[in-house]
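Structure first, commentary second.
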Amino acid sequence: MIRLFKVKEKQREIAENANGRAPVKKQSAGELRLHKDISELNLPKTTTIAFPNGKDDLMNFEVTIRPDEGYYRGGMFVFTFQVSPVYPHEAPKVKCKTKVYHPNIDLEGSVCLNILREDWKPVLNINTIVYGLHHLFTEPNYEDPLNHEAAAVLRDNPKMFESNVRRAMSGGYVGQTHFTRCTC
Amino acid sequence: MTNTGKWRDLDKLLSRPGNLVNPGFEPSPELKDDLGEYTKVLVVGAGGLGCELLKDLALSGFTNLHVIDMDTIEVTNLNRQFLFRLQDVGKPKAEVAAKRVMERVSGVNIVPHFCRIEDKDLDFYREFNIIALGLDSIEARSYINSVACSFLEYDSDDKPSEETIKPMVDGGTEGFKGHARVILPGVTPCFECTIWLFPPQVKFPLCTLAETPRTAAHCIEYAHLIKWDEVHSGKAFDADDPEHMQWIYSEVRNWHSSVNMILIVLLFILLTLAILSQALKRAELFGIPGVTYSLTQGVVKNIIPAIASTNAIISAACALEALKIVTACSRIMSNYLTYNGLEGLHTKMTEFVRDKDCLVCGPGILLELETSITLQKFMELVGEHPKLLLSKPSVTYQGKTLYMQAPPVLEEMTRSNLKLPLFDLMDKMSKDVIHVTGMTNKDDKKTSCLRKLRIVFKGVDGITDVDMASGA
């Protein structure tokens, strides 16, 4: 009954305060956690981050990696991050925007990185993903291939893999596939 | 009083005293009338649980109901969403559900809302005394929870003020299993306090899908995630796009000439089949049995077969809790019921506890400020405040990034805010919640933390609302 009484009282209150209050955008817990992740980013110097939708949309951003060693030295690779409102319960969706000849990244930009899928844990953060992506360029791995041909070449003939990577990055054909130039 | 027979049990429940009632219960015959007259309930979702909830609430004496759902009726809903008929296929669920219950239960008024929950503003949700959830996703629950918790206000002793509590009853089912819970923001744990309860989603490594699929599910995920993009470069996977569907249909015909023509009507089934046929090809290649239509649906849409009786049981528990919360006629569930009807029948009640630092329902730390204080000065205060001691703070207000310490690109974009008054940056609200992240010392160790702050500006009260209205 107390509750019902309150209910009645509240009905009156609502009638009194009915003049419009500006609807406020709700901030999800995921956004808050992402805000924390972003404010604590400590990126390797080979990496930059950009927010194409401006400072008030942190849920969609781009990370550019310019590896300074390994097969992909001198290249420039852009990844898009899409973060869900239930982050970090779910991992961000990460795609490689730059077409790349890489055993663990397919030609559509799907990335095979364990912490993006099966090994994602809410204690991980954006920084760990960026380091993970960075690692893919310094240590491409033929054991978990998404691009089978690239993986086979890396396994059987690293010299040829190296020249394939060079050719792809400077804008040329590897086999039947054309790659756009991505050196900086 | 033509309906005395119908309400006999409810009348007894509400007009007789008892030992197990909630404190403050005042049995009276008028209670039922008040229930109808003064209580406004929102049912979120008009699917399997939503249909049940609407019916249960209407038959429990609630007469002022609203229902919100963005979906239209599909043939596959008809086995359990008992308010819908074959001729309703394609119509909005909320509208048909509201109409059917009103036809069957006299005196009840149900207002349907055929839209997304995000399409309604806070004022819409503010009107309701109680919100009943019949949802199937973590995202939607999390959203409604944050909306309901946003009405919650704390007094200066960090006690929740009772009239701002927006109670929720949440139901959920998965096959023979289900849960019902009561959320009284500020009193019992909110959805976000216990989000860790959800098991992590099973995800297969992409490379396993591509290279060494071992199960039927691997094949289907491959078709869905990788093959789809290969064929439709860049196009999003959308089951509602007719052109998309036309394309799918012709593809499906090419892939699988034996597809039954009836399936043309069921667009999603086609889509699923498109994926299935790719999955089948792959399963054949690797010699894996068990790729079936229902499994395809299950993996792609995360569908688990819904059992009508589970929905009925869970919904009944939820509707009863709603009645108890409003009338105090019995003690409220405390606070999480799990039900398992897989083998025999098991139910268990667990009393979860609140996360005292919950960013969504927690009180946060109260700060009284002058309207003239700049963001810069505010950040210094946050560093000195004994309960905070936050160094290097970054500040966000309701989705607006006010200041970021890193990365440099955001620091630069937000730097100009530093000399602006916080009051202006917070849209001249007399009081509101703001979030700050930064470093703090804990046991002599620097740790990062995220804090909720309740800001109250001195000397502005209520007037701002009027200003806002005229300014907008």
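The values are calculated or read from the model by the stated rules, or taken from the named source; none is laboratory data. For clarity, every value in this text was computed on a predicted model and none was experimentally measured. Here the Cβ is made from the backbone with ideal geometry for all residues, glycine too, and neighbour counts use every protein chain on show.
How do the helices (runs of 4 or more DSSP H) wholly within segment B:241-356 filter down when requiring 2 or more residues that are closer than 22 Å to residue B:136 by Cβ and modelled with pLDDT under 55: which remain? So that I can check it myself, show each step before the final result.
Values: elements: B:242-255, B:267-286, B:293-301, B:308-327.
Counting at least 2 such residues, we get B:267-286.
The residue that is nearest to the chain's Cα centre (by Cα), counting only those in segment A:81-126 that are over 25 Å from residue A:33 (Cβ atoms) and more than 10 Å from chain B (Cβ to nearest Cβ), is A:98.
With respect to the conditions (1) out of contact with any strand residue (DSSP E or B) (no Cβ under 6 Å at 6 or more places or on another chain); (2) β-branched (Val, Ile, Thr); (3) more than 20 Å from residue B:103 (Cα to Cα), residue B:44 falls short on a single one, namely (1). When segment B:42-80 is filtered for residues that are of a type in the set (Lys, Arg) and either part of a loop (DSSP other than H, G, I, E, B) or not assigned by TED's automatic domain parsing to the domain that holds residue B:139 (or both), only B:80 remains. Among the conditions (1) within 27 Å of the chain's Cα centre (by Cα); (2) of a type outside the set (Lys, Arg); (3) within 14 Å of chain A (Cβ to nearest Cβ), the only one that residue B:67 does not satisfy is (3).
Can you confirm whether residue B:77 is surrounded by fewer than 22 Cβ atoms within 10 Å (Cβ to Cβ) and farther than 25 Å from residue B:34 by Cα? Working first, answer last.
Numbers: surrounded by fewer than 22 Cβ atoms within 10 Å (Cβ to Cβ): yes; farther than 25 Å from residue B:34 by Cα: yes.
Criteria met by residue B:77.
Scanning segment B:335-351 for residues that are surrounded by 13 or more Cβ atoms within 10 Å (Cβ to Cβ) and within 29 Å of residue B:14 (Cβ to Cβ) returns B:335, B:336, B:337, B:338, B:339, B:347, B:350. When residues in segment A:82-113 are screened for being outside any loop (DSSP other than H, G, I, E, B) and in contact (Cβ under 8 Å) with a residue 24 or more places away in the chain, 5 of them pass. Scanning segment A:41-73 for residues that are more than 11 Å from chain B (Cβ to nearest Cβ) and small (Gly, Ala, Ser) returns a single hit, A:70. Candidates A:138, A:183: the one that is away from every other protein chain (no Cβ under 14 Å), modelled with pLDDT under 95 and surrounded by 14 or more Cβ atoms within 10 Å (Cβ to Cβ) is A:138.
Quick check on segment B:449-471: of everything there that is at pLDDT 50 or above and exposed (fewer than 14 other Cβ atoms within 10 Å of the Cβ), which residue is nearest to residue B:437 (Cα to Cα)? Don't jump to the end; show me each part of the working.
Taking segment B:449-471 as the starting set, the residues that turn out to be at pLDDT 50 or above are B:449-462.
With the extra rule that they be exposed (fewer than 14 other Cβ atoms within 10 Å of the Cβ), the set shrinks to B:458-459, B:461-462.
Numbers: B:458: 24, B:459: 27, B:461: 28, B:462: 29 Å.
Of everything passing the filter in segment B:449-471, B:458 is nearest to residue B:437 (Cα to Cα).
Anything in segment B:2-41 that is part of a helix (DSSP H, G or I), within 14 Å of chain A (Cβ to nearest Cβ) and not aliphatic (A, V, I, L, M)? List them, or say none. Lay out the reasoning, then the answer.
First, the residues of segment B:2-41 that are part of a helix (DSSP H, G or I): B:8-15, B:30-38.
Adding the requirement that they be within 14 Å of chain A (Cβ to nearest Cβ) leaves B:13-15, B:30-38.
Listed by number, the residues that qualify are B:15, B:30, B:32, B:33, B:34, B:36, B:37, B:38.
Within segment B:410-428, the only residue that satisfies the criterion of being in a loop (DSSP other than H, G, I, E, B) and buried (at least 21 other Cβ atoms within 10 Å of the Cβ) is B:426.
Any idea which residue in segment B:167-183 is modelled with the lowest pLDDT, counting only those that are surrounded by fewer than 22 Cβ atoms within 10 Å (Cβ to Cβ) and not in a strand (DSSP E or B)? Only one residue fits best here, namely B:175.
Remark: pairs (first residue in segment B:416-439, away from chain A (no Cβ under 12 Å); second residue among the small types (Gly, Ala, Ser) and surrounded by fewer than 21 Cβ atoms within 10 Å (Cβ to Cβ); Cβ separation under 7 Å; 6+ apart in sequence or on different chains) = B:421/B:372. If you check B:138, B:144 for being under 21 Å from residue B:50 (Cα atoms), at the interface with another protein chain (Cβ under 9 Å from one of its Cβ atoms) and touching a helix residue (DSSP H, G or I) at 6+ places or on another chain (Cβ under 9 Å), only one passes: B:138. Within segment B:357-382, being over 21 Å from residue B:449 (Cβ atoms) and either under 32 Å from the mean Cα position of the chain (by Cα) or assigned to a loop (DSSP other than H, G, I, E, B) (or both) holds for B:370, B:371, B:372, B:373.
I'd like the full set of residues that are within 11 Å of chain A (Cβ to nearest Cβ) and either modelled with pLDDT of 90 or more or over 32 Å from the mean Cα position of the chain (by Cα) (or both), limited to segment B:383-399. Break it down into steps so the answer makes sense when it comes.
First, the residues of segment B:383-399 that are within 11 Å of chain A (Cβ to nearest Cβ): B:392-399.
Answer for segment B:383-399, where residues must be within 11 Å of chain A (Cβ to nearest Cβ) and either modelled with pLDDT of 90 or more or over 32 Å from the mean Cα position of the chain (by Cα) (or both): B:392, B:393, B:394, B:395, B:396, B:397.
Yes or no, residue by residue, for (1) touching a residue at least 60 places away in the same chain (Cβ under 8 Å); (2) at the interface with chain A (Cβ under 9 Å from one of its Cβ atoms):
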site	(1), (2)
B:129	yes, yes
B:148	no, no
B:157	no, no
B:174	yes, no
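Among B:118, B:103, which is facing another protein chain (nearest Cβ under 9 Å), in a helix (DSSP H, G or I) and of a type outside the set (Lys, Arg)?
On the way: B:103 fails: facing another protein chain (nearest Cβ under 9 Å).
The unique qualifying residue is B:118.
Taken over segment A:126-155, the criterion of being touching a residue at least 60 places away in the same chain (Cβ under 8 Å) and farther than 19 Å from residue A:45 by Cβ is satisfied by A:140 alone.
The residues of segment B:193-217 that are at pLDDT 70 or above, more than 8 Å from chain A (Cβ to nearest Cβ) and buried (at least 21 other Cβ atoms within 10 Å of the Cβ) amount to a single one, B:193.
Within segment B:299-321, residues that are over 25 Å from residue B:57 (Cβ atoms) reach partners that are of a type in the set (A, V, I, L, M, F, W, C) and at pLDDT below 95 with beta carbons closer than 7 Å, at six or more positions or on different chains, in the pairs B:299/B:217; B:299/B:220; B:300/B:220; B:300/B:275.
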